[in-house]
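In what follows, a single structure is set out as structure tokens and then discussed.
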Amino acid sequence: MRELLRVEPAVASTRDVVAAARRGLPEAADVVRETGFFLGLGLASMAHALDPSIIVIGGGMVDAWDLIAGPTLKAFGERTMPPARSVPIVPARLGADAVLIGAGQLAWQRVSRAAGAGS
């Protein structure tokens, strides 16, 4: 297992586990599938509480979307009532960097406003 994870199991990061799942380690693939299942459960609760028109998955989950989409969408579909069941769940188009790009854009806007206020 250490060889497939390429790190000690106790200190494995999400990236390490996803990489090991892609290399065929069954235990890692199980962890990734289970993560997708629980993500689907959480999204179902969120959809019922917030009534979103779309759910966009960002951050590190985007890198593993091809592995977790199936279990996530299945759990979501099984745990939602009809109005919420049709909410699309999509990966962020900007990938895992979406949060950083958004933070940079926000900082740019604030700096631009502050510079404009000083003139």
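The values are calculated or read from the model by the stated rules, or taken from the named source; none is laboratory data. This is a predicted model, so every value here is computed, not measured. No Cβ is skipped: glycine too gets one built from the backbone with ideal geometry, and neighbour counts run over all protein chains shown. Remember, those area values only see protein heavy atoms, side chains included, never the ligands or the DNA or RNA. Shrake-Rupley method; radii C 1.70, N 1.55, O 1.52, S 1.80 Å.
List of remarks:
- Contact annotation: residue pairs with Cβ atoms under 7 Å, 6 or more positions apart or on different chains, pairing a residue in the range 42-54 that is within 10 Å of residue 76 (Cα to Cα) with a partner that is open to solvent by 80 Å² or more (accessible area, probe 1.4 Å), are 44/79.
- Taking the range 1-99 and the helices (runs of 4 or more DSSP H) fully enclosed by it, the elements with 3 or more residues that are surrounded by 16 or more Cβ atoms within 10 Å (Cβ to Cβ) and touching a Pro at 6+ places or on another chain (Cβ under 8 Å) are at 26-50.
- Contact map, the range 15-28: residues that are free of Cβ contacts under 8 Å to residues at least 12 places away in the same chain paired with residues that are surrounded by 14 or more Cβ atoms within 10 Å (Cβ to Cβ) and of a type in the set (Gly, Ala, Ser), Cβ distance under 9 Å, separation 6+ or inter-chain. Pairs shown: 16/28.
- Looking at 104, 58, 116, 77, just one residue is out of contact with any Gly (no Cβ under 7 Å at 6 or more places or on another chain), small (Gly, Ala, Ser) and touching a residue at least 40 places away in the same chain (Cβ under 8 Å), and that residue is 58.
- Applying the set (1) out of contact with any strand residue (DSSP E or B) (no Cβ under 9 Å at 6 or more places or on another chain); (2) on the phi < 0 side of the Ramachandran plot; (3) touching a residue at least 12 places away in the same chain (Cβ under 8 Å); (4) not acidic (Asp, Glu) to residue 91 leaves exactly one unmet item: (1).
- For the range 101-111, a residue qualifies if it is surrounded by 12 or more Cβ atoms within 10 Å (Cβ to Cβ) and of a type in the set (A, V, I, L, M), and exactly one does: 101.
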